[in-house]
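Presented below is the structure to which this report refers.
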Amino acid sequence: MTADSHHIVAHLFRKEYGKLVATLTRIFGASHIQLAEDIVQETLITAMDHWSVKGIPENPSAWLIQVAKRKVFNELKRNKMKKEHHWNHVAARYSKNEIGTIFLQGEIEDNQLRMIFTCCHPAINLQSQIALTLKTLCGFGVKEVAKALLTTESTISKRLYRAKTNIRELGPSFEIPSGKQLENRLDVVTLTLYLLFNEGYNSSANDSLIRRDLCLEAIRLTKLLANRFDENKKIFALLSLMCFHTARFDARIDKQGALVLFEDQDRSLWNQELIVYGMQYLQKSAHDKTLSTYHIEANIAAEHCTARDFDGTNWKNIHKLYMLLQHHKPSAIIKLNLAIIESKLKGLQASLLSLQKLNTHSELKNYHLLPATQGIFHMKLHNYEQAIFFLGKALSLRPSPTEHRFLLKKIEICEKRLRASKTTQ
């Protein structure tokens, strides 16, 4: 199997994993999520072994479904369920033909919605809900979940174990909630998809800043929610935000795989169709009874995507929106963005003073984008020694491989210009 084939297979496995786990969980019951995951893993291993010899089939998704279905029947025959009464329940509830219909496309989508609400059961704490959803529905590995939630693999493994234990002990129904219960659970679901998208857009687990598969998976799942719960406006706001960010994919990385600063991006590479979709979803999100952070972030992204160029951006309006966001969701990251925007309103020196005040902020102590920004701003002011210092500090905070290469390149430019300036003195 070629490198390209391996990439295609990895992308396919990511896409199909959650669908299959959700479908098998519907058959076996929410208490047996681990069994569903085990069978899906066996299915993917079977596929890898078979495809490496025979090649990728014409319809790989259908191939995986057929293999998974066969393994389900084998599992039921072997009766490996932990409790005999549960096996009787499954056998009584589903005939062979009924199990087959659960694998149909419309049912698969319904299964995924059931799965995500099961993962977000109120008896499970918030962080474990998010971790379980990312793991079982979105195909994240434990390492990726840990990076997305800014914690350790050991912590995530413990959260997943506790979450599955809680589900097994509670035996929650594999259903979509309704009424007040639905609204509360939707908050966790949308947060999970938001985190999934962010992990893909600013990947920390791969040698690529952009992982399209994760972002597109987040968009796909959010569209599932929007189609089912079209009265919930903040889902459309989140979908709008995702579209605006995804529209800028091709401009963020150059042909050599290097990071391109937002102000230097070739806007002709932005996907105008996605921007139009973003605006349409933003309009659908309007007139909500409450203003969510997704609404505010989507409006910020809309300002960027509809500006004629970087300098022509309505920075005053963006600053107001970030102030509003800080009011709704106070964080050091938003303060950092406000300090950066200040460079467009009051100049680089004023911005650097604001950035300096954030140096002692505990939340930004190990956040590489603070010194990286300070380095870039000093570079623009021709303060090359200060620029090298801050860019070096950013390097020491373990940015992604793409960002690491970008920072090294900027340091090289600063050193070259510093040497040139000294020779002319």
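Packing-based ranking of 41-49, 133-141 yields 133-141, 41-49, ordered from highest to lowest mean Cβ neighbour count within 10 Å.
For Ser362 and Thr424, what does the FRET efficiency come to when R0 = 35 Å and r is the distance between their Cβ atoms, rounded to the nearest 0.05? Computed FRET efficiency for Ser362 and Thr424 comes out at 0.25. The Cα trace of segment 158-317 gives Rg and Dmax of 17.9, 57 Å, the first to one decimal, the second as a whole number. The equivalent ellipsoid of segment 267-312 has semi-axes of 22, 12, 7 Å, largest first, where each one is the square root of 5 times an eigenvalue of the Cα gyration tensor.
Take the Cβ-Cβ distance between Asp311 and Leu269 as r, set R0 to 25 Å, and report the resulting FRET efficiency rounded to the nearest 0.05. Between Asp311 and Leu269 the formula returns 0.85. Only lysines eight or more places from Lys357 in sequence, or on another chain, were considered; those with a Cα closer than 28 Å are Lys147, Lys316, Lys320, Lys329, Lys335, Lys344, Lys346, Lys365, Lys380, Lys393, Lys409, Lys410.
Hull surface divided by four, with the convex hull built on the Cα atoms of segment 230-330: how many nm²?
7.0 nm²
Partner aspartates and glutamates whose Cα lies under 20 Å from the Cα of Lys284, excluding those fewer than 8 positions away in the same chain, are identified as Glu183, Asp187, Asp230, Glu231, Glu273, Glu297, Glu303. Ellipsoid semi-axes for the chain, based on the Cα gyration tensor and the rule √(5λ), read 44, 24, 20 Å when sorted largest first. Database remark: amide H of Phe174 closer than 5 angstrom to the amide H of Ala30 (H placed geometrically; neighbours at sequence offset of 5 or more, or on other chains; Pro and chain starts carry no H). Inter-label distance, Ala350 to Glu303: 1.5 nm, where each label sits 7 Å from its Cα along the C-beta direction. Calculated [222 nm] ellipticity per residue, helices only, for the chain: -23500 deg cm²/dmol; basis is -39500 (n - 2.57) per DSSP H run with n ≥ 4, divided by all residues, nearest 500.
In what sequence do Glu37, Glu231, Glu16 fall when counting other Cβ within 10 Å, fewest first?
Values: Glu37 18, Glu231 6, Glu16 22.
So the residues, fewest neighbours to most, are Glu231, Glu37, Glu16.
Taking a sphere under 12 Å around the Cβ of Cys138 and counting the other residues whose Cβ falls inside, with K and R at +1 and D and E at -1, yields a net charge of +1.
Filter the chain for me: DSSP H helices, axial length by Cα at least 30 angstrom, mean Kyte-Doolittle hydropathy not below -0.5. List them by residue number.
On the way: long enough: 3-28 (36 Å, 0.10); 33-54 (31 Å, 0.17); 179-201 (33 Å, -0.01); 401-423 (33 Å, -0.83).
Correct list, ordered by number: 3-28, 33-54, 179-201.
Starting from 0.36 nm per residue, how many nanometres of slack lie between His328 and Ser61 once their C-alpha separation is accounted for? Intermediate results must be reported in sequence, preceding the final value.
Details: separation 267, 0.36 × 267 = 96.12 nm, distance 4.21 nm.
Going from the current span to full extension adds 91.9 nm.
Subtracting the Cα-Cα distance of Asp288 and Leu170 from their residue separation scaled by 0.36 nm leaves 39.0 nm.
No lab work stands behind these numbers, since they all come straight from the coordinates. Keep in mind the model is a prediction, meaning the values are calculated, not measured. Quick reminder, even Gly has a Cβ in these numbers, built from the backbone with ideal geometry, and neighbours come from all protein chains shown.
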